[in-house]
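Below is one structure; the comments refer to it alone.
Only the coordinates and a few stated rules stand behind these numbers; no lab work does. On a predicted model such as this, the values are computed, not experimentally measured, just so you know. We place every Cβ from the backbone using ideal geometry, glycine too, and count neighbours over all the protein chains shown.
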Amino acid sequence: MFYIMGSDQRIVRCARVSFAKDDTVDVERDKRLIKYLYQHKHASPFEHVIIAFKSSKEEFLDLLSLSIELPTFQVYYAGGYAWVNLRNLINAIERLPQRVIEFARERLPTTFAVIEGRDLEETDYSLDFAYLKTKVETSAGFVGLVDSLELGTAMDYHTFIVECPIFVARQWHRHRFGSYNEVSRRYVSYEPTFYIPPYIRRQATSNKQASTDEPVENSSLFVERIKEVVNQAVELYEEIIEHEGAKELARGVLPQFMMTRFYWTVPRISLDNFLTLRTHEHAQKEIRELALAIRDMVGYRGTDRMRL
Ligand SMILES: Cc1cc2nc3c(=O)[nH]c(=O)nc-3n(C[C@H](O)[C@H](O)[C@H](O)COP(=O)(O)OP(=O)(O)OC[C@H]3O[C@@H](n4cnc5c(N)ncnc54)[C@H](O)[C@@H]3O)c2cc1C
């Protein structure tokens, strides 16, 4: 019994988010992109494809022992299934059971043609039918559910697309048990967009990190000044670009209110940990709203399998 979340195209989407072109489809270019990613070891987009296969504990323990030779190899066991992402599968391809490789080859024809050095013109390309099942807007961005692989286990997976300010993404990316691919301002030069808070919340006195819902005095004046600073930063950014300055340096002037976008593929156990921490009243309002939207979309199963 086999399950897969993702396709050849999922890899391409997660790679193309770097240039904010994840919604474009061009099969011939997509195939060449997979080859490029594989050959240049730009491997993180392969992490968004997840395979689960029925396995005995003995077989799983044997697979787990692969990490003696390959310290980064990761495989998990839940609900009688072994769970592996495509990057791990590729790294351990000679040692994974043949039935798993055959299933993956069938479902990811272009990726396997690349791995096995076959002619890409002759190969099929598997498409991603599940782009954005639901999307929820919040005051500081949006979250969309791209895909799910749910077998009722701690290692069920979801892929989300998230748009939020840089400072929220910094908090989000601290959640390491999951995979990310994000838009890169080294590639894109379109005019950045910004989250402008509706008002300036007052610093909490009880918790040094937190805020209250109450606005500070002159809140609207500060909001206007934030807009001025953001506009000045964008002007300087565009001037540097117009003078052929490198995008990778020009982006340094853009404030943390700038919006970014990323794909996030996360196992249920890690997602529940995220929801515990980020829907809590101690979490910052902007990330809390996005976490609550995710909880509404896919539910919360608790973190009883995790001690710390
Ligand atoms: C309200 C709030 C305030 C915060 N303030 C700060 C701050 O001031 N400064 C700061 O640096 N961070 C801060 N953080 C971030 C926090 O320390 C965590 O990095 C973040 O919440 C991710 O949690 P995690 O490590 O449990 O998740 P993940 O990284 O997704 O890890 C999931 C789980 O895997 C296990 N795990 C992962 N990696 C390891 C490892 N290397 N060793 C052992 N177990 C591991 C743990 O069980 C962990 O819970 C804050 C977070 C919150 C919610």
Find how many whole Å separate the alpha carbon centroid of segment 156-190 from the alpha carbon centroid of segment 63-81. 26 Å
Before rounding to the nearest 500, sum -39500 (n - 2.57) across all DSSP H runs of length at least 4 in the chain and divide by the residue total; then give [θ] at 222 nm in deg cm²/dmol. -11000 deg cm²/dmol
Backbone HN-Hα couplings from phi across segment 132-142 [Karplus 6.51/-1.76/1.60, Hz, Gly and Pro as x]: 6, 5, 8, 9, 10, 8, 10, 5, 10, x, 9
In degrees, nearest 10, the alpha-carbon axis of helix 285-298 is tilted away from the dominant principal axis of the alpha carbons of the chain by 40 degrees
Restrict the search to segment 216-274; then list the GluC sites (Glu not before Pro) that DSSP places in a loop and that have at most 10 other Cβ atoms within 10 Å of their Cβ. Glu217, Glu244
Percentage relative contact order, the chain, counting C-alpha pairs under 8 Å, at least six apart: 19 percent
Could you work out how far the C-alpha centroid of segment 1-55 sits from that of segment 294-308, in angstrom? 27 Å
Which of the aspartates and glutamates could a cross-linker span from Lys35 if the Cα-Cα distance has to be under 15 Å and same-chain partners fewer than 8 positions apart are dropped? Asp8, Asp26, Glu116, Asp119, Glu121, Glu122, Asp124
Going by a ≥ b ≥ c, the root eigenvalues of the Cα gyration tensor, does segment 130-308 fall in the rounded group (a/c under 1.5), the prolate group (a/b larger than b/c) or the oblate group? oblate
Within the set Lys135/Lys208; Lys135/Lys285; Lys21/Lys133; Lys31/Lys133, which residue pairs have Cα atoms separated by over 21 Å? Lys135/Lys208; Lys31/Lys133
Of Ser67, Ser148, Ser270, which is the most mobile in a GNM of the chain whose springs link Cα atoms less than 10 angstrom apart? Ser67
Dipole magnitude of the chain, debye to nearest 20 (Cβ charges: Lys/Arg +1, Asp/Glu -1, about Cα centre): 860 debye
Excluding residues fewer than 8 positions from Lys247 in its own chain, the aspartates and glutamates with Cα under 19 Å of it are Glu182, Glu191, Glu235, Glu238, Glu239
Where does each of Glu289, Glu121 land when they are ranked from fewest to most other beta-carbon atoms within 10 angstrom? Glu121, Glu289
The distance between the Cα centres of segment 215-261 and segment 91-153, in whole Å, is 37 Å
For the chain, what does the alpha-carbon gyration tensor say about shape, rounded, prolate or oblate, given a ≥ b ≥ c as the root eigenvalues, a/c under 1.5 as rounded, and a/b over b/c as prolate? oblate
For helix 98-107, what angle does its Cα long axis make with the longest principal axis of the chain, in degrees from 0 to 90 and rounded to 10? 50 degrees
Anyone know which of Val216, Val298, Val84 comes out most mobile in the 10 Å Cα GNM of the chain? Val216
Considering only DSSP states other than H, G, I, E and B, which GluC sites (Glu not before Pro) in segment 22-100 qualify as loop sites with at most 12 other Cβ atoms within 10 Å? Glu69, Glu94
Each residue of segment 233-248 in order: what ³J(HN,Hα) in whole Hz does its phi give by Karplus 6.51 cos²θ - 1.76 cosθ + 1.60, θ = phi - 60°, with x for Gly and Pro? 5, 5, 4, 5, 4, 5, 5, 4, 5, 4, 8, 6, x, 5, 4, 5
